[in-house]
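Since the structure comes first, as structure tokens, the remarks are kept for the end.
What follows draws every value from the coordinates through simple rules; no lab data is involved. Here the structure is a predicted model, which is why all the values come from computation and not from measurement. Glycine also receives a Cβ, built like all others from the backbone with ideal geometry; neighbour counts cover every protein chain displayed.
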Amino acid sequence: MPSSKSVVLTAPRQMSMQEFPIPEIKGESLLLKVEMVAICGSDVHLYEGVGFKASFPKILGHEFVGQVTAMGEKAAEAYELKIGDRVTVEPYIPCRNCRFCLTGNYQNCVKVMTYGVSLTCDVPPYLWGAYGEYIYIAPGSLVYPVGKGVPAEAAALSSVIGNGVRWVKRKGEVGPGDAVVIMGPGAQGLASTIVAREAGAEPLIVLGLGRDSLRLKLAEKFGATETVNVQAQDAKEIVGKKTAGQMADVVIDCTGDPEAFNVGLQLLHPGGRYVMVGLTGGRVTPAIMDHVVRQEIQIRGGLGQAWCVDEAMKIIHSRRYPVESIITHRRPLAEAQEALEFFINPPADCIRVALVP
Ligand SMILES: [Zn+2]
Ligand SMILES: [Zn+2]
């Protein structure tokens with residue numbers, strides 16, 4: 001009987017390779033042979049057993065690309081796919097019935113199911129995460145075809161670029177000529193940089209720390225007009241200079257650092273939009289709220305990539321940006337645990353790590 005070897009998180013910081021039966025693929029479901037899966041920052045939280053979604057046993061992995069190897073009888077029509085096609089899939093499986101799904105906000109779906117995040121592998125058909133040879137794709141999933149010429153690294157980041165689309169365009173409402181500041185040049189900040197470039201941001205200023213020099217260089221490749229090491233340079237002065245004293249229309253805060261908030265607020269002009277997307281892990285952010293009141297700053301949260309991956313796939317397929325450079329390290333699936341440990345405190349030359357089965 002065919003089977004899939006998958007890496008199971010059995011307890012905090014404990015993983016083992018286990019063998020699962022390949023499920024029967026019926027209706028609108030699919031089976032994918034995983035080509036590559038990226039390790040997301042939230043995988044680390046799950047691995048360490050922190051956060052409300054930490055549960056066991058679980059096959060991690062929600063940023064992936066794979067090849068269709070089996071299809072239910074209704075899947076061809078539902079997805080316009082055939083066996084052998086390459087696809088990437090959004091992490092969320094929306095219920096399509098609750099008020100959030102019906103208003104296009106399925107990241108807040110009341111029955112939210114997320115590959116490799118909320119679903120545990122003790123529930124049939126078990127293969128709910130991409131840290132494995134195969135992953136099961138449930139009916140109602142959001143599946144996107146991937147062209148042959150697209151590097152697996154770029155396709156695996158479809159939802160990361162999708163986040164950028166949602167945060168920059170939908171939440172930040174960035175349009176041509178808007179002055180945009182992106183704080184934190186990690187994978188999400190870099191994805192936001194690409195999308196802000198696509199949206200016509202000018203200037204497009206990316207802020208990082210001294211250790212971020214490689215990331216800031218990549219931000220320039222993605223279209224940043226200016227990069228700033230906030231430990232050596234005065235971000236407020238630079239943003240002022242680059243905007244003729246007007247300051248920024250939009251700040252996208254991808255830092256996850258409570259300290260960054262007050263810095264970011266100072267970079268906006270009155271009425272500017274502050275899009276908060278970095279999670280601080282529950283740490284309290286001491287905020288100068290008088291500034292928010294006096295300047296009528298609009299603070300907006302940004303979570304998932306709801307209805308934005310279509311646009312992300314167009315950006316990826318355009319090949320105008322070396323999206324694949326965000327994945328700096330590759331490891332075999334069998335070394336998933338070592339790779340996660342490595343990614344907890346990554347060296348300066350590491351942005352994202354991917355696993356290859
Ligand atoms: Zn992720
Ligand atoms: Zn729903």
Check: C-alpha center the range 248-273 vs C-alpha center the range 64-103, spacing in Å is 36 Å
For the range 342-357 versus the range 187-232, the gap between their alpha-carbon centres in whole angstrom: 20 Å
State the extension gain, in nm to one decimal, for the chain segment bounded by residue 80 and residue 122, taking 0.36 nm per residue of separation less the distance between their alpha-carbons. 12.1 nm
Checked the range 120-202 against the a/c 1.5 cut and the a/b vs b/c comparison, axes a ≥ b ≥ c from its Cα gyration tensor; verdict prolate
Springs between alpha-carbon pairs under 10 angstrom, Gaussian network model over the chain: which of 113, 183, 289 fluctuates most? 289
Rounded to the nearest 5, what is the percent of antiparallel bridges among the DSSP beta bridges in the chain? 55 percent
Under a crude label model (7 Å from the Cα following the beta-carbon direction), how far is residue 148 from residue 14 in nanometres? 4.7 nm
Per 0.36 nm of contour for each residue apart, how much would the distance between residue 284 and residue 269 grow if the chain were fully extended, relative to their Cα-Cα spacing? 2.9 nm
Using helices alone, I'd like the mean residue ellipticity at 222 nm for the chain: each DSSP H run of four-plus residues gives -39500 (n - 2.57), total over residue count, nearest 500. -6500 deg cm²/dmol
Cα gyration tensor, the range 163-301 - rounded (a/c under 1.5), prolate or oblate: rounded
Amide H to amide H under 5 Å from residue 352: which residues, 5+ apart in sequence or cross-chain, H placed 1.01 Å off N in plane? 328, 329
Mind running the shape call on the range 247-314? Use the C-alpha gyration tensor, a ≥ b ≥ c as the square roots of the eigenvalues: rounded below 1.5 for a/c, prolate if a/b tops b/c, oblate otherwise. oblate
Taking the Kirkwood radius as the inverse of the mean 1/r across Cα pairs, report the Rg/Rh of the range 261-353. 1.08
If you filter the range 134-203 for GluC sites (Glu not before Pro), then keep DSSP loop positions with at most 13 other Cβ within 10 Å, what is left? none
How many times 2.2 N^0.38 Å is the alpha carbon radius of gyration of the chain? 0.99
Just grab the label-to-label distance for residue 103 and residue 241, each label 7 Å out from Cα along the Cβ direction, in nm (one decimal). 4.4 nm
Let me check I've understood the local charge: for residue 87, count other residues with C-beta under 14 angstrom from its C-beta, Lys and Arg +1, Asp and Glu -1. What total comes out? -3
What is the list of residues in the range 291-330 whose amide nitrogen lies under 18 Å from a point 7 angstrom out from the Cα of residue 221, following Cα to Cβ? 315-330
Once fully extended, how much extra length lies between residue 334 and residue 53, figured as 0.36 nm per residue of separation less the alpha-carbon to alpha-carbon distance? 98.8 nm
Note the angle between two axes, namely the Cα long axis of helix 187-199 and the longest principal axis of the Cα atoms of the chain, as a number of degrees from 0 to 90, rounded to the nearest 10. 70 degrees
Expressed as a rounded percentage, what relative contact order does the chain have, with Cα pairs under 8 Å and six or more residues apart? 17 percent
For the chain, set up a GNM with springs between Cα atoms under 10 Å and report which of 82, 217, 148 has the largest fluctuation. 148
